[in-house]
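In what follows, a structure is listed as structure tokens, so that the remarks can point back to it.
The values are calculated or read from the model by the stated rules, or taken from the named source; none is laboratory data. Computed from a predicted structure; not experimentally measured. Cβ placement follows ideal geometry from the backbone for every residue including glycine, while neighbour counts extend to all protein chains displayed. Accessible surface areas use protein heavy atoms only, side chains included; no ligands, DNA or RNA. Shrake-Rupley method; radii C 1.70, N 1.55, O 1.52, S 1.80 Å.
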Amino acid sequence: MGLQQPATLIRILGKALEEEPLTRAELLYLLGLSAADDIARVFTIARMLRHRYFKNRIFLYGFVYFSTYCRNECTFCLYRKSNQSLSRYHKTPAEIMETAYRLVKSGVHLLDLTMGEDPRYYSNNGAGFDSLVRTVRAIKEDTDIPIMISAGVVPENVLRALKDSGAEWYACYQETHNPGLYAKLRISQSFSERMERKKEARDMGFLIEEGLLTGVGERYEDLIDSLAAMKSLGADQVRIMSFVPQKDTPMQHVPSLPRTRELLMIAIMRLVFPNRLIPASLDVDGIHGLADRLNAGANVVTSIIPPEAGLAGVSNQELDIDDGNRSVDSILPILAQCGLERASMEEYMEWVLARLARLAPSHRQISETKETYTNWVVQRH
């Protein structure tokens, strides 16, 4: 039996290295691994696949959590509407742009503009988003940096306006693709509407990020179902984050799982999506968990926040922020320790353009992206 298990693992990893689709049974086998040596083998193949498509280059994402108000009652979230113990904030357009420019200057490849579903934005069929649309347009005109919108189930008309203003990415995490578990996590929120909005954004020409939460009662089978859903969606960036219990939420006493499941899923995502972007988030364990996630096959560092910007994190409200440990300067030595380095902006823009072309959106979308890339190169050279 001891010889059979490594032989099975070697066979599965051999298929993955050849980029042959893994069966459901094979993916479940990988998720069930517990021996450190076996998991290390999976990580090795994940890194080899990452190197095949990205060499040793890593992309960096700046994070601007511009409103901590939310209309929802997600059971896992610190910022749920009914949490009265929390000091909240709205950032003005000027404050958003100031932080954005600091992040651009520090060397990030993308700005992730994030909020909960703040009622003041969602009022009047999304008319409250007008200021965000103008802010995105202003940032794009000044910097040309790619922008991700992570603002919940944004109305379709607002998504179109944000696309027209220059945003390239739309992120709207499902957390789980098990509708029953979803209903326990995202109270009174439509599972199908959330999925459909991502498909609509895809049809508009957005690149899509999809995300999972682990440690919230999911089964291995649920995680495999999520991989299939991500593939069906055509997600360009796929991520998984470990649940961190939050005070004053219904799930505050649910224990946080060891990070092995998150790390193993990062690696499995790399086996399934070898040429996609897979984040290592600083929002769960901060700078101290970064190397493990990179060694599992991640190729994006997310949730980079400049110190003293008055911004919060999501899973951990204050972790590593004001001491500067979520800055680019703190990340670069970790990359070096892992034999990795920050990609150039040209490399990131080339990946975005290639992804858009592969997905065969409108010629207008490709033309606009080429123009953005050309403008960026001209401005800096």
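Could you count how many residues in the stretch 310-344 are surrounded by 17 or more Cβ atoms within 10 Å (Cβ to Cβ), part of a loop (DSSP other than H, G, I, E, B) and modelled with pLDDT under 95?
13
Is it the case, given these coordinates, that S123 is more than 26 Å from S190 (Cα to Cα), polar (S, T, N, Q) and surrounded by fewer than 15 Cβ atoms within 10 Å (Cβ to Cβ)?
Working: more than 26 Å from S190 (Cα to Cα): no; polar (S, T, N, Q): yes; surrounded by fewer than 15 Cβ atoms within 10 Å (Cβ to Cβ): yes.
No; evaluated as a whole, the condition is false for this residue.
Residues being out of contact with any Lys or Arg (no Cβ under 8 Å at 6 or more places or on another chain) and assigned to a helix (DSSP H, G or I): count how many of those fall in the stretch 103-126. Steps first, answer last, please.
First, pick out the residues of the stretch 103-126 that are out of contact with any Lys or Arg (no Cβ under 8 Å at 6 or more places or on another chain): 103-106, 108-115, 120-121, 123-126.
Still in the list and also assigned to a helix (DSSP H, G or I): 103-106, 120-121, 123-126.
Result for the stretch 103-126: 10.
Mind checking whether some residue in the stretch 44-65 is assigned to a loop (DSSP other than H, G, I, E, B) and open to solvent by 30 Å² or more (accessible area, probe 1.4 Å)?
In the first step, residues of the stretch 44-65 are kept if they are assigned to a loop (DSSP other than H, G, I, E, B); the result is 55-56.
Next, only the ones that are open to solvent by 30 Å² or more (accessible area, probe 1.4 Å) stay: 55-56.
The answer is yes; a qualifying residue exists.
Checking S226 against (1) part of a helix (DSSP H, G or I); (2) of a type outside the set (F, W, Y); (3) open to solvent by 10 Å² or more (accessible area, probe 1.4 Å), which single condition isn't satisfied?
Going through the list (1) part of a helix (DSSP H, G or I); (2) of a type outside the set (F, W, Y); (3) open to solvent by 10 Å² or more (accessible area, probe 1.4 Å), S226 breaks only (3).
Looking only at the stretch 162-180, which residues are outside any loop (DSSP other than H, G, I, E, B) and on the phi < 0 side of the Ramachandran plot? Lay out the reasoning, then the answer.
Of all residues in the stretch 162-180, those outside any loop (DSSP other than H, G, I, E, B) come to 162-165, 169-171, 175, 179-180.
Answer for the stretch 162-180, where residues must be outside any loop (DSSP other than H, G, I, E, B) and on the phi < 0 side of the Ramachandran plot: L162, K163, D164, S165, W169, Y170, A171, P179, G180.
What pairs come up if the first residue lies in the stretch 34-54 and is farther than 17 Å from A291 by Cα, the second is open to solvent by 20 Å² or more (accessible area, probe 1.4 Å), and their beta carbons are under 6 Å apart, counting only those six or more places apart or on different chains?
Y53/N275
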